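Novice: The structure under discussion is supplied below as structure tokens; questions concerning it will follow.
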Amino acid sequence: MLTKRIIPCLDIKNGRTVKGVNFVDLRDAGDPVELAKQYAKLGADELVFLDISATQERRKTMHDMVLKVAEYVNIPFTVGGGISSVEDVDDLLHCGADKVSINSSAVKRPELINELSKKFGSQCVVVAIDAKEINGEWFVHLAGGTIPTELKLFDWALEVEQRGAGEILFTSMNHDGTKSGFADKALATLSNLVNIPIIASGGAGNVQHFVDTFQKGKADAALAASVFHFGEIQILDLKRELRANNIEVRL
Amino acid sequence: MKLVIINYGAGNIKSIQFTFKRLGFDAKLTSDPKVIKAADKVIFPGVGEASSAMYMLKKSGLDTLIPKLTQPVLGICLGMQLMCNTTEEGNTKGLGIFDVDVKRFSNDVKVPQMGWNTIKHLKSDLFKGINEGEYMYLVHSYYAENCNQAISTSDYELEYASALENENFYGVQFHPEKSSVAGEQLLKNFIEL
């Protein structure tokens, strides 16, 4: 059976991991390649690298990092952050990225999704959606959740699927950073609405939150950062607990 | 050991090359028929859309070369699908190396299938040292039907062929280059065939 995926997310700035990482047996916790190798060994199913740097050299720095990750890591990985054209994606895939994640650029120019899925196939196009629930309605936000739009989450999700997205990475701004659990109600609605995989993001604080997001939120994968980076949750323990709850995982 | 990866413009082939590098083998990317013919082992990769991939193969004459190869050939993902009789994707005629058709998963399941699934009913030297029920990484919307050339099957909506073998030709639906240690073992086995 297809298993549910556990995905650590690494924020990258100028080629280095940011957000403190607290791994005991790591020589250089700021080195994305070291960290990625470690996560692959510890049982992560996939990795996401999110580039948050804003320098002139960001492209080249990112290409160098992607090349190194592809060279040393034997599980799939997605690269996101600042991707806005077919050329950007072409470069990243040629460096060895398996998928790319687009966010604001897709909202600004939705045709980008069609162009990417036509040229590279849906399987490598992840559309990341940051949304916030305001008075009972979910609205898409841009630029890391700082800029609100009129666009409604569920309408946008249907549109990105129809335009050829292969997967949706949904982050709830209401839950992100709270460690109080994923947005399971919205996730379940989303998962029933579209026929492509949904990655749950935002709110992971303990193991039960992952159980809930797979069972109640019907998520296909769950993404988290700090709970993994700080060793609050060990991926192996998490997967054992998921299996004990009859959730299929790769162990 | 002359190992080549057929390069016909099909997506992320860097990962396959890197995996071989980790295993200690230098895999050359090439579209040159002479180099392909002279190789000991041939990898036929592929990601993207079937009809446009077949168009690229035809343009370079690789569609007639590949079925005539006599050394071990391993098709990966779309590469495997293109080695079948036909595929529903873009109603494309394949290379006819595997006597099976490729169909699309129905919308009763999420499409594409994306993630780690188990492989079972393993029967080939390609799986030496790999356990029944091992996990492999898959991303696909189309599948080869279960058939007598299947050397492994997987379940998603139905039981389908996740690997195929016919004489010197092998095909895997999953991505061994992305399937952790088990995937590396499979590529090592292919080298040692």
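The values are calculated or read from the model by the stated rules, or taken from the named source; none is laboratory data. Here the structure is a predicted model, which is why all the values come from computation and not from measurement. Using ideal geometry, Cβ is built from the backbone for each residue, glycine included, and neighbour counts are taken over all protein chains shown. The protein model used for the area step is the full one, side chains on, heavy atoms only, and it has no ligands, DNA or RNA in it. Shrake-Rupley method; radii C 1.70, N 1.55, O 1.52, S 1.80 Å.
Novice: For region A:103-138, give me each residue that is touching a Leu at 6+ places or on another chain (Cβ under 7 Å) and without any contact (Cβ under 8 Å) to a residue 24 or more places away in the chain.
Specialist: Listed by number, the list holds a single entry, A:Ser105.
Novice: Quick one: how many residues across region B:30-40 are open to solvent by 60 Å² or more (accessible area, probe 1.4 Å) and either part of a helix (DSSP H, G or I) or under 20 Å from B:Gly90 (Cα atoms) (or both)?
Specialist: Residues meeting the conditions: 2.
Novice: Any idea which of (1) over 19 Å from A:Glu248 (Cα atoms); (2) open to solvent by 10 Å² or more (accessible area, probe 1.4 Å); (3) within 14 Å of chain A (Cβ to nearest Cβ); (4) part of a strand (DSSP E or B) is the one B:Tyr160 doesn't satisfy?
Specialist: All conditions pass for B:Tyr160, except number (2).
Novice: Residue under question is B:Ile43, and the condition is that it be at pLDDT 95 or above and either farther than 23 Å from B:Pro176 by Cβ or part of a helix (DSSP H, G or I) (or both); does it hold?
Specialist: No; evaluated as a whole, the condition is false for this residue.
Novice: Filter region A:94-114 down to residues that are open to solvent by less than 10 Å² (accessible area, probe 1.4 Å) and not in a strand (DSSP E or B) and give me whichever is nearest to the other protein chains (Cβ to nearest Cβ).
Specialist: Per the stated criteria, the residue is A:Gly96.
Novice: Is it the case that region A:143-152 has a residue that's modelled with pLDDT under 95, within 14 Å of chain B (Cβ to nearest Cβ) and either open to solvent by 70 Å² or more (accessible area, probe 1.4 Å) or over 17 Å from B:Val139 (Cβ atoms) (or both)?
Specialist: Scanning region A:143-152, I find no residue that is modelled with pLDDT under 95, within 14 Å of chain B (Cβ to nearest Cβ) and either open to solvent by 70 Å² or more (accessible area, probe 1.4 Å) or over 17 Å from B:Val139 (Cβ atoms) (or both), so the answer is no.
Novice: Scan region B:56-87 for residues that are among the small types (Gly, Ala, Ser) and open to solvent by 10 Å² or more (accessible area, probe 1.4 Å) and jot them down.
Specialist: Residues satisfying the conditions are B:Ser60, B:Gly61.
Novice: Next up: Assess whether B:Glu132 counts as being open to solvent by less than 20 Å² (accessible area, probe 1.4 Å) and of a type in the set (Asp, Glu).
Specialist: The answer is no for B:Glu132.
Novice: Given A:Val160, A:Val89, A:Val140, which one is part of a helix (DSSP H, G or I), touching a Lys or Arg at 6+ places or on another chain (Cβ under 9 Å) and farther than 22 Å from B:Phe174 by Cα?
Specialist: On the way: A:Val160 fails: touching a Lys or Arg at 6+ places or on another chain (Cβ under 9 Å); A:Val140 fails: part of a helix (DSSP H, G or I).
Of the residues listed, the single one that is part of a helix (DSSP H, G or I), touching a Lys or Arg at 6+ places or on another chain (Cβ under 9 Å) and farther than 22 Å from B:Phe174 by Cα is A:Val89.
Novice: Taking A:Ser84, is it open to solvent by 20 Å² or more (accessible area, probe 1.4 Å) and not acidic (Asp, Glu)?
Specialist: Criteria met by A:Ser84.
Novice: Before we move on, is A:Leu169 more than 13 Å from chain B (Cβ to nearest Cβ), closer than 26 Å to B:Asn107 by Cβ, at pLDDT 95 or above and touching a strand residue (DSSP E or B) at 6+ places or on another chain (Cβ under 7 Å)?
Specialist: no
Here's the yes/no breakdown for (1) surrounded by 20 or more Cβ atoms within 10 Å (Cβ to Cβ); (2) in a helix (DSSP H, G or I):
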position: A:Ala165; (1), (2): yes, no
position: A:Ser180; (1), (2): no, no
position: A:Ser191; (1), (2): yes, yes
position: A:Asp237; (1), (2): no, yes
